[in-house]
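Scroll down for the structure; my scribbles are underneath it.
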Ligand code: GLU
């Protein structure tokens, strides 16, 4: 990272107990920073105020400490940063790339718009060219969408390699604020990482396809692009991604079965970082951590 100090972050959503997949992503983010003497920020991504709350956030901090994953600073949670997002949105509006959109999810599904490879609906542009009169005639509050260019945005990911999307063709105009006024993850994450000087983003491979959108937002808002490391997802033997629904793999249950060092030993081995799954502390793992050894493909775990 050409002499600059690495600034990474944990950006968990406090919507429930961490599961094994969250633990793995947090461990990789921590090792990525601690293995090179960088600075690590913690940020609660609680834009979804129906699912997120302070109790979950407190539990998350406790779970990270149990794992031996510390952080240097906690930056303000997203639900308290609306004014900051408003100010950045105004910059986008001044560039003429934001328009109101009244389409609901149901309408988009019914319009049988094409889908991106990850199942996202590619927005067909329904509200893009409405006249001022047509806009004034819509009674409901609108979501705000970002107009995307017919241009390729590419990332050289430290784990997954090259990934690119032509934003107009593969993604389509995307929302930056919902009709109820809640800012979209895409905007919030770019603003928060940008304003905090984050230059290393480590997260699950499910977010790789968000990266071209985030690179475009960074360009519009004048933030430098961080380095990206999208770590493999953990999947069950049935090929399904682990999620908060898999209670048997949440940290509360895992803590009753093993120590932090046993858990980290298992994950480090599954990730390709160690020869055996012998117990190892997070600090010991940081000492031998090497991005080149982290596997690309999904990691299969058994819920015993
Ligand atoms: N809050 C997201 C999550 O918990 C992570 C977002 C990110 O790392 O960019 O999956």
Which of the residues spanning the range 235-244 are surrounded by 12 or more Cβ atoms within 10 Å (Cβ to Cβ) and either without any contact (Cβ under 8 Å) to a residue 12 or more places away in the chain or not in a loop (DSSP other than H, G, I, E, B) (or both)? 235, 241
Residue count, the range 44-58 (criterion: out of contact with any helix residue (DSSP H, G or I) (no Cβ under 6 Å at 6 or more places or on another chain) and either closer than 19 Å to residue 298 by Cβ or within 14 Å of the ligand (Cβ to nearest atom) (or both)): 5
Can you name the number of the only condition in (1) more than 13 Å from the ligand (Cβ to nearest atom); (2) within 15 Å of residue 29 (Cα to Cα); (3) surrounded by fewer than 21 Cβ atoms within 10 Å (Cβ to Cβ) that residue 232 fails? (3)
Counting only residues that are at pLDDT 90 or above and exposed (fewer than 12 other Cβ atoms within 10 Å of the Cβ), the range 96-133 contains a total of 5
Flagged in the range 247-285 as buried (at least 19 other Cβ atoms within 10 Å of the Cβ) and in a helix (DSSP H, G or I), in numbering order, are 249, 251, 254, 260, 263, 264, 265, 266, 267, 268, 282, 285
What are the pairs with Cβ atoms under 7 angstrom where one residue, in the range 75-100, is closer than 24 Å to residue 124 by Cα and the other, located anywhere, is part of a loop (DSSP other than H, G, I, E, B)? Sequence gap at least six, or different chains. 97/147; 99/127; 99/128; 99/147; 100/127; 100/142
Listed residues 47, 55, 64; which is surrounded by 14 or more Cβ atoms within 10 Å (Cβ to Cβ), modelled with pLDDT of 95 or more and assigned to a helix (DSSP H, G or I)? 64
Considering only the range 191-205, state which residues are in contact with a helix residue (DSSP H, G or I) (Cβ under 8 Å, 6 or more places away or on another chain), in a helix (DSSP H, G or I) and crowded, with 17+ Cβ neighbours inside 10 Å. 191, 192, 194
Residue by residue through the range 1-27, note down the ones that are farther than 14 Å from residue 68 by Cβ, within 13 Å of the ligand (Cβ to nearest atom) and not in a loop (DSSP other than H, G, I, E, B). 8, 9, 19, 21, 22, 24, 25
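The values are calculated or read from the model by the stated rules, or taken from the named source; none is laboratory data. Computed from a prediction, not measured in an experiment: that's the story for all the values here. No Cβ is skipped: glycine too gets one built from the backbone with ideal geometry, and neighbour counts run over all protein chains shown.
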